[in-house]
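S.K.: Submitted below is the structure of interest, expressed as structure tokens.
None of the figures in this text is laboratory data; all of them are computed from the coordinates on show. Predicted, not measured: the structure shown is a model, and the values here were computed from it. Positions of Cβ are generated from backbone atoms using ideal geometry, with glycine treated the same way; all protein chains shown enter the neighbour counts.
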């Protein structure tokens, strides 16, 4: 089962990379961009057929390794 | 409208960071992990109310700046 963990910076934490992308997109004539935030995605292939249990385990992995919960939030999604 | 662009390495492109996470998860007693691939997520806040048009523009942004299509694939999702 494929599970996706999306880790992004918490609201209020500065994101200079996002700011740089925002600026570059304006230069490239995408004026409709208001804000850009960057993050990481970790795609896990788990040997687990039950989607609920897979999501639960991925949640634990995110807590213990994938995300730094002081400055980052994460969400777990079952990949289609 | 919030749009999410997920950029990940193409199949066959080596992902040492993913390999390192895979190893670390095994050490942390998550033996069910078979494979890990890492990528980037770029969350765009666009001044555009039409979801189809927003996705189209995000697609263009990914092509021209966000993804390196030689080694990376991307998908565009309208964020819930």
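S.K.: Could you tell me the distance between the Cα centroids of region A:12-65 and region B:26-67, to the nearest Å?
M.R.: Going from one Cα centre to the other spans 7 Å.
S.K.: A further question on this structure: Can you give the angle from 0 to 90° between the axis of helix A:16-27 and the longest principal axis of chain A, with both taken from C-alpha atoms, to the nearest 10?
M.R.: 50
S.K.: Still on this model: Going by how many other beta carbons lie within 10 Å of each one, how would you line up A:13, B:7, fewest first? Mind dumping the intermediate values first?
M.R.: On the way: A:13 12, B:7 18.
Result, fewest neighbours first: A:13, B:7.
S.K.: Here is a follow-up. Would you mind giving the mean number of other chain beta-carbons within 10 Å of the Cβ of each residue in A:15-24, as a whole number?
M.R.: 2
S.K.: Note the angle between two axes, namely the Cα long axis of helix B:51-61 and the longest principal axis of the Cα atoms of chain B, as a number of degrees from 0 to 90, rounded to the nearest 10.
M.R.: The helix B:51-61 is inclined about 70 degrees to chain B.
S.K.: Compute and list, largest first, the equivalent-ellipsoid semi-axes of region A:1-40 from the alpha carbon gyration tensor, each √(5λ) rounded to a whole angstrom.
M.R.: After scaling each eigenvalue by five and taking roots: 24, 14, 8 Å.
S.K.: Let me ask something additional. Tell me, what does the Kirkwood hydrodynamic radius of chain B come to in angstroms if you use every pair of distinct C-alpha atoms?
M.R.: 14.1
S.K.: Give the relative contact order (percent, whole number) for region A:2-78; include only Cα pairs under 8 Å separated by 6+ residues.
M.R.: 52
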